[in-house]
Amino acid sequence: MKKSNIVLVGFMGTGKTSVAKYIAKKCPEMTLVDMDALIVEREGRSINDIFATDGEPYFRNLERELSKELAQGSDQIISTGGGIVLNNENIEAFEQSGLVVCLTAEAEEIINRVSRCKSRPLLSGDKEKQVRELLEKRKPLYEAIPFKIKTDNYSPKSIAEKIITKFNS
Ligand code: S3P
């Protein structure tokens, strides 16, 4: 299968959504898909509501099903949720059909970026502690992705350009 999707993965606050929007601006022939936004639209409720009412496993299952569905499509820029790496089947499916890019940032930078956010159920308490713990736990999963880009000190626009260059090479 031709690798025709660009799939952005990475911890919360690494800039997946902003970078995906820049790529979409530069590549108007591609369709921008934000997985969380699509899940919210289909479920008719927020991510916070989904976690509170049905729990994290239910959300992970929605993510799993949507990954399978999107991996069948082409010419998409897919912005995933930070936990997409928790099930390796998601990454395997995306790697079959696209360039998987992992955006990274230092914990301090992530903590800054998510500090005022109220829409992330996994960061509803002590954000600094939760970011550090989750990041530590997931580190090997993000590190396993071959193409990684550091986002600290880089604009979403310049990161988008690097990704497009790699995609077209
Ligand atoms: C999550 C990240 C969120 C969203 C959900 C769970 C995670 O997406 O999918 O709150 O487990 O890391 P963003 O990475 O876009 O914030």
In debye to the nearest 20, the charge dipole size for the stretch 13-167, taken about the Cα centre with +1 at each Lys and Arg Cβ and -1 at each Asp and Glu Cβ, equals 500 debye
For the stretch 1-51, accessible area per residue (1.4 Å probe, heavy atoms of protein chains only), Å²:
49 Å²
Taking alpha-carbon centroids only, the stretch 40-85 lies from the stretch 131-166 a number of Å equal to 20 Å
Starting from 0.36 nm per residue, how many nanometres of slack lie between Ser158 and Glu136 once their C-alpha separation is accounted for?
5.2 nm
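Percent of alpha carbon pairs in the stretch 22-114 separated by more than 15 Å?
65 percent
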Please sort by residue number the chymotrypsin sites (Phe, Trp or Tyr not before Pro) in the stretch 104-169 whose DSSP state is loop and whose Cβ has at most 13 other Cβ atoms within 10 Å.
Phe147
Net charge of Cβ neighbours under 13 Å - reference Met35; Lys, Arg +1; Asp, Glu -1
-2
HN-Hα J in Hz across the stretch 93-102 - Karplus 6.51, -1.76, 1.60, θ = phi - 60°, x for Gly and Pro
5, 5, 5, 5, 10, x, 8, 9, 10, 9
Express the accessible area of the stretch 88-138 per residue in Å², computed with a 1.4 Å probe while the remaining protein chains stay in the model.
57 Å²
Calculate what fraction, in whole %, of the accessible area of the stretch 21-155 sits on carbon and sulfur atoms when a 1.4 Å probe is rolled over the protein chains.
48 percent
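The values are calculated or read from the model by the stated rules, or taken from the named source; none is laboratory data. Just so it is clear, the model here is predicted, and its values are computed rather than measured. When we count neighbours, we look across all protein chains shown, and the Cβ atoms used for this are built from the backbone with ideal geometry, even at glycine. Ligands, DNA and RNA are stripped out before the accessible areas are found, and what is left, the full protein with its side chains, is counted by its heavy atoms. Shrake-Rupley method; radii C 1.70, N 1.55, O 1.52, S 1.80 Å.
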